[in-house]
1. Give just the number: which of (1) of a type in the set (F, W, Y); (2) touching a Gly at 6+ places or on another chain (Cβ under 7 Å); (3) under 23 Å from G16 (Cβ atoms) does Y60 not satisfy?
2. Report yes if G35 is at positive phi and touching a Lys or Arg at 6+ places or on another chain (Cβ under 8 Å), otherwise no.
3. Taking the condition of being assigned to a strand (DSSP E or B) and of a type in the set (V, I, T), how many residues in segment 61-89 meet it?
4. Do you know which residues across segment 84-124 are open to solvent by 20 Å² or more (accessible area, probe 1.4 Å) and aromatic (F, W, Y)?
5. Would you check if there is a residue in segment 66-83 being open to solvent by 30 Å² or more (accessible area, probe 1.4 Å) and in contact (Cβ under 8 Å) with a residue 60 or more places away in the chain?
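The values are calculated or read from the model by the stated rules, or taken from the named source; none is laboratory data. Note that the coordinates shown come from a computational prediction; the quantities given were computed from them, not determined experimentally. Note that each Cβ is placed from the backbone with ideal geometry, even for glycine, and that neighbours are counted across all protein chains shown. For accessibility, only protein heavy atoms count, side chains too; no ligands or nucleic acids. Shrake-Rupley method; radii C 1.70, N 1.55, O 1.52, S 1.80 Å.
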Amino acid sequence: QVQLVESGGGLVQAGGSLRLACAASGRTFSTSAMGWFRQAPGKEREFVTAIDWSGGITGYADSVKGRFTISRDNAKNTLYLQMNSLKVEDTAVYYCAARRFGSYVRRLEAYDYWGQGTQVTVSS
């Protein structure tokens, strides 16, 4: 019902920046909240940041506060993640997710749709 496609990943040196995008198609009105999660090799997928439909409410994991910024453009059906001051420990596959109803939450299980992920690699 909703398809999500991430883009913008790549290789960057520590201290650099990347901007990820997530294009949504299908029942885009069913994306009341959207978020970014990441999964490093050998580790569980973890919450990074999320945003409600209006863009007025956002939340961030402590590890990325002050460095990452989430935003969405509903007219373009696109979610963004601006990542600054990247660290080696930010290396992971980054996933876009959408929740059908309600505001943003941090639980992975609360999200209904997922993209296939985009690789972000930060070198020292």
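1. (2)
2. Numbers: at positive phi: no; touching a Lys or Arg at 6+ places or on another chain (Cβ under 8 Å): yes.
Spelling it out, it is not the case that G35 is at positive phi and touching a Lys or Arg at 6+ places or on another chain (Cβ under 8 Å).
3. Residues of segment 61-89 that are assigned to a strand (DSSP E or B), as a first pass: 68-73, 78-83.
Those left that are additionally of a type in the set (V, I, T): 69-70, 78.
Within segment 61-89, residues that are assigned to a strand (DSSP E or B) and of a type in the set (V, I, T) number 3.
4. Of everything in segment 84-124, those that are open to solvent by 20 Å² or more (accessible area, probe 1.4 Å) and aromatic (F, W, Y) turn out to be Y95, F101, Y104, Y113, W114.
5. At the first step, the residues of segment 66-83 found to be open to solvent by 30 Å² or more (accessible area, probe 1.4 Å) are 66, 69, 71-77, 80, 82.
Those still in the list that are in contact (Cβ under 8 Å) with a residue 60 or more places away in the chain too: 80, 82.
Yes, that holds for at least one residue.
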